[in-house]
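Accompanying notes for the structure given below.
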Protein chains: 2
Amino acid sequence: MNTRIKDLKYFFSPESIAIIGASGKFNSISGKPLYFLKEHGYKGNVYPVNPKYDELVGFKCYKSIIDVPESVDLVLMAVNYKLVLPMLKQCVRNGVKYVTIFASGFAESGEEGKILQEQIAKLAKETGIGICGPNCQGSVSLKDKAIGGFSASLGVKPLHFGPIGYVTQSGALGYSIFSLAQDSGVGFSYVASTGNEVDLHTLDFMEFMLEDPDTKMIIIYLEGIKNGKQFVRLADRALQLGKPIVALKVGRSEIGQKAASSHTASLTGSDAVCDAFFRQKGIIRVNDIENMIDIAALMQRIPELPEGKGIGLITTSGGAGILMADEATEIELDIPEMEADSREAIMEVIPPYGSPLNPVDVTAQVINEAEDFMKVLKIMLDHPKIHALVIVITQITGESGKQMAEDIVKMSRLYVKPIAVAWTTGDRLVGDNLKILTQGGVQYYKSPVRAVQAMGALMKYSDFRKNVLSRVKTDFNDSDEGKACLLATSFLADKEHNLTEHQGKELLALYDIPVTKEEIATSEGHAVSIGESIGYPLAMKINSPDILHKTEAGGLKLNIKNKNELVSAYHEVLKNAGNYNPKAHINGVLVQEMVSGGTEVIVGINNDPQFGPTIMFGLGGVFVEILKDVSLRIAPITREEAFEMIEEIKGYKILAGARGKAKADIKAIADVLVKVSRLAIDLEDQICELDINPLLVLHEGEGVRVADALVIKK
Amino acid sequence: MNTRIKDLKYFFSPESIAIIGASGKFNSISGKPLYFLKEHGYKGNVYPVNPKYDELVGFKCYKSIIDVPESVDLVLMAVNYKLVLPMLKQCVRNGVKYVTIFASGFAESGEEGKILQEQIAKLAKETGIGICGPNCQGSVSLKDKAIGGFSASLGVKPLHFGPIGYVTQSGALGYSIFSLAQDSGVGFSYVASTGNEVDLHTLDFMEFMLEDPDTKMIIIYLEGIKNGKQFVRLADRALQLGKPIVALKVGRSEIGQKAASSHTASLTGSDAVCDAFFRQKGIIRVNDIENMIDIAALMQRIPELPEGKGIGLITTSGGAGILMADEATEIELDIPEMEADSREAIMEVIPPYGSPLNPVDVTAQVINEAEDFMKVLKIMLDHPKIHALVIVITQITGESGKQMAEDIVKMSRLYVKPIAVAWTTGDRLVGDNLKILTQGGVQYYKSPVRAVQAMGALMKYSDFRKNVLSRVKTDFNDSDEGKACLLATSFLADKEHNLTEHQGKELLALYDIPVTKEEIATSEGHAVSIGESIGYPLAMKINSPDILHKTEAGGLKLNIKNKNELVSAYHEVLKNAGNYNPKAHINGVLVQEMVSGGTEVIVGINNDPQFGPTIMFGLGGVFVEILKDVSLRIAPITREEAFEMIEEIKGYKILAGARGKAKADIKAIADVLVKVSRLAIDLEDQICELDINPLLVLHEGEGVRVADALVIKK
């Protein structure tokens, strides 16, 4: 499969296109692609295939794909679903490289269709022919004018070519987004509608676009992910290249997920895991089509990504400045305040009722002196802590408005720092000034909030990317890693499905994760001698693979202070366990150090069907149970990601030392998270769940201790 | 002041308008209003006033307002700030009713301006002349074409008249919102830009619009509120009338607040209190100008407000359905699932790969049979749990699109249930179909998310309003109320600035709020006898107005189990207090019942400068201290509002009985909240702060107990 991905150039930039089932009806699926190819001036060979015609739209028409005189790069299959399989077989005979199947009637519409779809999948696997769809609206290369789709939005002239790659899992909505984006002037390199993804899927198309030199950003409409690990690799590569990915991922809600599962036969997967993955890899998540278009439009027009998240805000009306400041704060941008020097310089050119802080309120007065406005722009753009500008112009009309628009264009050419404009006035009043901006390559919006959101998304992406790229890679000694993995694998080999608490800790200890001092006592005397060597206070717990709920079974005694208490606890625990489950196999009684004064946190591993092992962190008690206050990442994680996980939870202040308490040993937690994430990857095939609950966190410098652990083998 | 508000008809619908400082320069502030009045055909008398001209734009020009032959309803003052005061005095001589002052240079720009503004305020108070501004862009009545402003957006023709009233505290941003809204087809009844609000302020204008029969909704751009209590009355009246208020309230962030305070000289006040007030009164809060316009546009076009928050979602593409379901869930609408009957009826007319659930995916197929689409619309609109429809049309173009648009218009006339459309395709493709909707009175958007947001805002408003109107008013026995107030006032009269814990509880007890059994012991024997009568376990606390931090002083002993412990605790507490503060005046030792097993919550009163007493509720411990998980309301509150406050906090589950625990006595908390809110109102002038921390909440049916209370007098 992977070898074929390299050949997607035949799919996106085919030298020949055949349309099986082509017709002369311009308004039908079978008619449109032919017209589009003609109208937009596709330069390759075009072969309509339909036994009913000799010629269509000036192209010679063939009875069958087998009759076509060359091996075709891309076939568009515009026939009823029942004809798809036999036609595919003919394509194989012709030596066709890629086929796009438009028809619906497959997995999305019942049992019969599902079987048919499986047959197509099998054929693709066996023959190596590449298939896009079925139940899709096709693909487009805007550079090559290779229109491989039938959406009406492809009939509009001219189609804008540009640096945005676009993959959509919804055909109709997907191409309507395309249409809206084109109307907003967004230019695309390639577009792919993926449908049921019987063979080629979203990530394959994205991988191709990522490596395309003409593509600066990829935007995707996403319902579900087929191969989480491929997405992880792709996202890493995208970060490396500095090509942002913007994802409109739907299915956040239960009803939305339900609706998605009946649409394009897609399994949406866990939204929480997907969201964590996006955060982890700097993928920009949006919840509306307009936000996606806003960001793409800006990316297309700015010379470079902003260098950081310090935003400069300029406005001709105070109100718009407040609006921007509110939004910038909301999305956690920095709004650096101007220093005294800059403030004075700004005050020299704006009226006394303006403001030289950031947001800078130049007031409508500034329009009287074009020079003044330029000076303010210059001061802001020269400021080292400001990485991008958003300028709001409220109601400046006529010549003054024209002057401002021209000045902004001028400055945008002198600086690589990105500039966006919000011109909050109706078109009937300022339409022409907006054209100056557009023609000058400056992106504008009607809403100050949307301007800040779009710029903010790129600023945060860029800031995130710089952080990630600056990180040192190795967080784990590689020789140790290999050793721990080997030991753990052989340790697990002879264990039951559920490990006992003690076994769980033994496993963790192999990864150098600190656990409580403890030993299993098999007699009263043994218990006493273990107890003396660990030191009081102690905890005692029944050790049996058949008793999972130790408290319920009376198999747990805490805070044992001396030998006498230990002896009686030993016997009581055994007796209770016997009463609770007479058939339980008892290994003995665990004698364990009591760690006191620590803060309880929880660390867990889960296996996500799409992304593999994920790691979870949260504070114990109400935080996890009531507030669901947890952070999540795909394993493995770096040390920096571990710190991000810890700082991300709402209850972080408790660890950082709120309410006069001492700071907890956060470094030690991070260390455990990294090691557990490594374990999760090493043992992905052996264990399906791991819960450290609680991990006791002592004061800064004093470390952590695993107090209880639950491990479930696959 | 209030008597004059009734006369705002002279301000908004004046029979005569004079422009002091009028000029012939169309592009200047002094020139524009005259042209606008002429151009839009204002029917009243127009008097330019300027000694330099004899005639302007066809109107006779006067040397001074004193020369104008009638007492003028509205004067637009377009002169430099230095001339404002003398001109105002001339206006008084003429008998002018209202003056709008455009000039800036007042409180917003320094000391000199501030003094000038105070002089204007004084003049307004003394003479009764009504003043709008200064530093504003004026007002408009679109019905009467009385253009009292100079914004360029007022020069556009035609201006759309309609049911939306609009008040803005920002001139430039405000009129640019007006311009954008007009371009979107939103029609206004009245517009007012309020500027520095030296006399007339935002709420005055809102009150007038609220009573105007042509106005169905009021939208406001808000930086700060002058008179919270007036706003409360106004909001209640708006709820009664069923006229929604939409507020773009800025200053959510610290930097935003700072920027606001230097703009239109406005104090933004506490955003949290304002937000609580909006929630309490059903005021729709938006954070962007586009959302405000979206909601106003929808309100203008629907025949009636939706009856509830059950939304029906129809789409021609599955993807858009998911997008809508996600958003509807996010904003907490109901998405009722179709019953078997409806599902079957829908499946009869849509293809097998469609979906008859809600969202209903009719697929693009449905366009082939117009009848089928109408059937689906009818089934959804007839459904009793569906109160409004949002329909997404992705890429249906040409004749089919036209048919759909016409069908939607047809259905929108047969039903009062509101319908909104999202037509997610670029104008180059479907422009004409959108015109059919607009002309048919159906509101459309380009984004499914924005369509759901706008409809959702009205649905939630309507649902909220129905709930509020259905509530029984009296929550407090009026004779008791009066009595408690009298007793409390006299009780407070002789108390120190800080009440002791015991005094605080005595005060609360006057309002029938349950406090711990307790008494002050002044001797060992007294303590013992109090202890025996209350019963063990007990708590003992030093009682001194000079010792606020009892724990720190060692003045607190808990869980006293018997007489011996009581005696030694008595002496220890006294001794510790003496050591801690030898000069402290000691009233004795408080002997108090120990309430065990309760959940700790916090109830507080604060006085907001704008809104007066507010009441706060939260769970004790980390919830308030770390997570700031509190709910807030303006006092007084009803019992239902008390329940809303309790349910609103994130930790509510703990009270509702999470983790296998018994449910807490939520009714008893609500009872305390209502009574405390009453106390807050009664004693607004006597106390500035009250904190019940903790209020111990026992199991359902077992009540609550105030365990500690802090009261600070004014």
In the stretch A:621-644, whose amide N lies under 20 Å from the spot 7 Å out along Cα-to-Cβ of A:D685? List them in ranges. A:635-636
Would you work out the Kirkwood radius for the protein assembly as shown? I mean one over the mean of 1/r across all pairs of different Cα atoms, in Å. 36.1
Which pairs in the list B:K281/B:K667; A:K125/A:K281; B:K226/B:K653; A:K226/A:K446 are over 26 Å apart, alpha-carbon to alpha-carbon? A:K125/A:K281; B:K226/B:K653; A:K226/A:K446
Counting only residues 5 or more apart in sequence or on a different chain, those whose built amide H sits under 5 Å from that of A:I19 are A:Y47, A:V49, A:L76
Averaged over peptide A:446-458, how many Cβ atoms belonging to another chain are found within 10 Å of each residue's Cβ? 2
For the stretch A:306-318, Karplus-derived ³J(HN,Hα) couplings (6.51, -1.76, 1.60; θ = phi - 60°; whole Hz; x for glycine and proline) come out as x, 7, x, 10, x, 9, x, 10, 10, 9, 8, 9, x
Ordered by number, the trypsin sites (Lys or Arg not before Pro) in the stretch B:395-497 that occupy a DSSP loop and have at most 14 other Cβ atoms within 10 Å are B:R471, B:K473
B:V198's amide H: which non-local residues (gap 5+, or another chain) put their own amide H closer than 5 Å, with H modeled 1.01 Å from N in plane and none for Pro or chain starts? B:G133
Hey, can you grab everything whose amide H is under 5 Å from the amide H of A:C688? Only 5+ residues off in sequence or another chain; H modelled, so Pro and N-termini drop out. A:I712, A:K713, A:K714
For Cα pairs less than 8 Å apart in space and 6+ apart in sequence, what is the mean separation divided by the residue count of the stretch B:372-492, i.e. the relative contact order in percent? 23
Placing +1 at every Lys and Arg Cβ and -1 at every Asp and Glu Cβ, with all other atoms neutral, what dipole size does chain A have around its Cα centre, in debye to the nearest 20? 1740
What aspartates and glutamates sit close enough to B:K583 to cross-link, taking a C-alpha to C-alpha distance under 12 Å and skipping anything fewer than 8 places away on the same chain? B:D546
Whole-number D in µm² s⁻¹ for the stretch B:497-606, Kirkwood Cα-pair radius fed into Stokes-Einstein, 10 °C, 1.306 mPa s: 110
Residue-wise HN-Hα coupling along the stretch A:200-212, computed from phi with Karplus coefficients 6.51, -1.76, 1.60 (Hz; x: Gly, Pro): 5, 10, 2, 5, 4, 5, 4, 4, 4, 5, 4, 7, 6
Figure the gain on full extension for B:R639 and B:H526 (residue separation times 0.36 nm, minus the Cα-Cα span) and round it to one decimal in nm. 36.6 nm
Proximal aspartates and glutamates to B:K557, defined as alpha-carbon separation beneath 18 angstrom and excluding residues fewer than eight positions away on the same chain: B:E501, B:E518, B:E519, B:E524, B:E532, B:E565, B:E572, B:E593, B:D708
Over the stretch A:257-391, how many percent of alpha carbon pairs lie in each 5 Å bin up to the one with the longest distance? 2, 9, 14, 17, 16, 12, 8, 7, 5, 4, 3, 2, 0
Rg followed by Dmax, in Å, when the stretch A:368-407 is reduced to its Cα trace: 11.2, 34
Mean per-residue count of partner chain Cβ within 10 Å for B:614-627 equals 3
Please report Rg over Rh for the stretch B:392-532, where both radii come from the alpha carbon positions and Rh follows the Kirkwood definition. 1.50
Karplus-derived 3J(HN,Hα), 6.51/-1.76/1.60, for each residue of the stretch A:114-129, Hz, glycine and proline x: 4, 5, 4, 4, 5, 5, 5, 4, 4, 4, 4, 5, 6, 9, x, 6
Can you give me the angle between helix B:448-469 and the longest principal axis of chain B, using Cα atoms only, in degrees from 0 to 90, rounded to the nearest 10? 60
Using the Cα atoms of the stretch B:116-230 to build a convex hull, what is its mean projected area in square nanometres? 7.4
How are the C-alpha pair distances of the stretch B:184-323 spread across 10 Å bins, as whole percents from the shortest bin up? 10, 37, 34, 13, 5, 0
Based on alpha-carbon positions alone, could you give the equivalent ellipsoid semi-axes of the stretch A:632-709 from the gyration tensor, as √(5λ), descending, whole Å? 24, 14, 10
If you take the square roots of the eigenvalues of the alpha-carbon gyration tensor of the stretch A:342-443 and sort them as a ≥ b ≥ c, do you get rounded (a/c under 1.5), prolate (a/b over b/c) or oblate? oblate
Please sort B:286-293, B:646-653 by packing, taking for each peptide the average over its residues of neighbouring beta carbons within 10 angstrom, highest first. B:286-293, B:646-653
Give me the aspartates and glutamates in straight-line cross-link reach of A:K52: C-alpha distance below 17 Å, same-chain residues under 8 apart excluded. A:D67
Relative contact order (percent, whole number), chain A, Cα cutoff 8 Å, 6+ residue spacing: 8
In nm, the gap between the two label points placed 7 Å beyond Cα toward Cβ at A:Q365 and B:E702 is 6.8
Of B:G401, B:L333, A:G588, farthest towards positive along the dipole that unit charges on Lys, Arg, Asp, Glu beta carbons give the protein assembly as shown: B:G401
Can you give the convex hull volume of the alpha carbon atoms of chain B per residue, in Å³? 189
Points 7 angstrom from Cα along the Cβ direction at A:E625 and A:E348: gap in nanometres? 6.6
The stretch A:483-519: which GluC sites (Glu not before Pro) are DSSP loop and have at most 12 other beta-carbon atoms within 10 angstrom? A:E496
Tell me the distances, shortest first, between B:A370 and the same position across the other copies, using label points 7 Å along Cα→Cβ, in nm to one decimal. 5.5
Inter-probe distance in nm under a simple model that places probes 7 Å from Cα toward Cβ, at A:K114 and A:V232: 3.0
Point-charge dipole on Cβ atoms (K/R +1, D/E -1) for the stretch B:52-111, about Cα centre, debye to 20: 160
Quick check for the stretch B:283-428: number of Lys pairs with alpha-carbon distance under 18 Å, counting only pairs 8 or more apart or on different chains? 10
Give me A:Y42, B:Y445, B:Y175 sorted ascending by neighbouring Cβ count inside 10 Å, so fewest comes first. A:Y42, B:Y445, B:Y175
Would you mind computing the Rg to Rh ratio of the stretch A:432-473 from its alpha-carbon coordinates, Kirkwood style for Rh? 1.24
Order of B:R678, A:R279 - criterion: other Cβ atoms within 10 Å of each residue's Cβ, fewest first: A:R279, B:R678
So for R0 = 45 Å, FRET eff. of B:A493-A:K713 from the Cβ-Cβ r, to 0.05, ends up at 0.05
Efficiency by 1/(1 + (r/R0)^6): what FRET value for B:L469 and A:K25, r their Cβ-Cβ distance, R0 = 41 Å, to the nearest 0.05? 0.10
What does the charge dipole of the stretch B:581-652 about its Cα centre add up to, to the nearest 20 debye, if the Cβ of each Lys and Arg holds +1 and the Cβ of each Asp and Glu holds -1? 320
Counting only other chains, what is the mean number of Cβ atoms within 10 angstrom of the Cβ of each residue in peptide B:335-341? 1
Arrange B:T215, B:T522 by Cβ neighbour counts within 10 Å, fewest through most, would you? B:T522, B:T215
Determine the distance separating the Cα centre of the stretch B:540-617 from the Cα centre of the stretch A:606-643; give it in Å without decimals. 42
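Only the coordinates and a few stated rules stand behind these numbers; no lab work does. As the structure is a computational prediction, the values presented were derived from the model and not from experiment. With ideal geometry, Cβ positions are generated from the backbone for all residues, glycine too; neighbour counts draw on all protein chains shown.
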